[in-house]
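Enquirer: Handing you a structure now.
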Amino acid sequence: MRVLIYSKIVASGRFWQQKLEEQSVQADLCASMEEAREILAMATHDAIIHIFDGNCSHNLEVLGRLRDGLNLPILVMTYGQQKHSTFEVLDAGADDFLPSSVDVRELFARVRCKCRATNARGHDIIYKSGVSIDMEAHEVRWQGRKIYPSSRELLILNELIANPQRIFTKQHLEILLYGYGYVAKSNTIEVFIHTLRKRTSPNAILTVRGVGYKLGLN
């Protein structure tokens, strides 16, 4: 399991990073939205842990930006005196709200629980783009019409659909398909994207020049 810890309080972020890694959880740490976007683009994460600092309005704003376009569970932890009501935090996009005094085993259990719930919701996903996908049945429909992508095309499509606002780099998609250390042909991802467009629509997947690919929302 891999999580992203967002914390402007470095000591607190490193504390929980160490605690989670002791539970065999790979934990990446960031302190800004720019860092968060870079880390999320480079690897697939299962959840985000957002540690609130003392800036009341800033916390909710960052939470909203983290939530925008991501289909990942976000667990919020407090730091110091609590300045937010539970309903404010949940309404702003959090999936859970925990005090900093929580035991790391409970935190890890809650992360696993939220990941299971997200995966269950993601079993049949339908978005404005007209795509529905069932990973277990290996069934994909484009605007109600069944299409037959290859297993790797399906992995790419599922990744794009799960996070429709996110731009995925070529490197991220290569790691998704082949894992770390594998050197794919330079045009491998382009070929898969081209084939998926032929199966759906030229505008179903957008190329963001110099960055990567994202789902085209109709």
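Enquirer: Would you be able to tell me the number of residues in the range 41-63 that are more than 20 Å from LEU90 (Cβ to Cβ), modelled with pLDDT under 85 and of a type outside the set (Gly, Ala, Ser)?
Expert: Final tally of qualifying residues: 2.
Enquirer: Oh, and also: Pull up the range 183-204, narrow it to residues that are surrounded by 14 or more Cβ atoms within 10 Å (Cβ to Cβ) and of a type in the set (Lys, Arg), then point me to the one that is nearest to TYR148 (Cα to Cα).
Expert: Across the range 183-204, the extreme among qualifying residues is ARG199.
Enquirer: From the residues in the range 128-150 that are among the hydroxyl-bearing types (Ser, Thr, Tyr) and crowded, with 16+ Cβ neighbours inside 10 Å, which one is modelled with the highest pLDDT?
Expert: Step by step, filter the range 128-150, then rank; the result is SER132.
Quick grid of which residues meet (1) closer than 28 Å to PRO164 by Cβ; (2) assigned by TED's automatic domain parsing to the domain that holds GLN171; (3) assigned to a strand (DSSP E or B):
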residue: TRP16; (1), (2), (3): no, no, no
residue: ASP28; (1), (2), (3): yes, no, yes
residue: GLU38; (1), (2), (3): yes, no, no
residue: GLY93; (1), (2), (3): yes, no, no
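Enquirer: Looking at the range 64-71, can you tell me whether even one residue there is modelled with pLDDT of 90 or more and over 23 Å from ASN158 (Cα atoms)?
Expert: No; the residues of the range 64-71 include none that is modelled with pLDDT of 90 or more and over 23 Å from ASN158 (Cα atoms).
Enquirer: List the number of the failed condition for ASP28; all other conditions in (1) within 18 Å of ARG116 (Cα to Cα); (2) in contact with a strand residue (DSSP E or B) (Cβ under 7 Å, 6 or more places away or on another chain) hold.
Expert: (1)
Enquirer: Specify which of the listed residues (ILE39, ILE48) is touching a Pro at 6+ places or on another chain (Cβ under 8 Å) and under 21 Å from ASN71 (Cβ atoms).
Expert: ILE48
The values are calculated or read from the model by the stated rules, or taken from the named source; none is laboratory data. Computed from a predicted model, the values in this text were never measured in an experiment. Don't worry about glycine lacking a Cβ; one is built from the backbone with ideal geometry, like all the others, and counts go over all protein chains shown.
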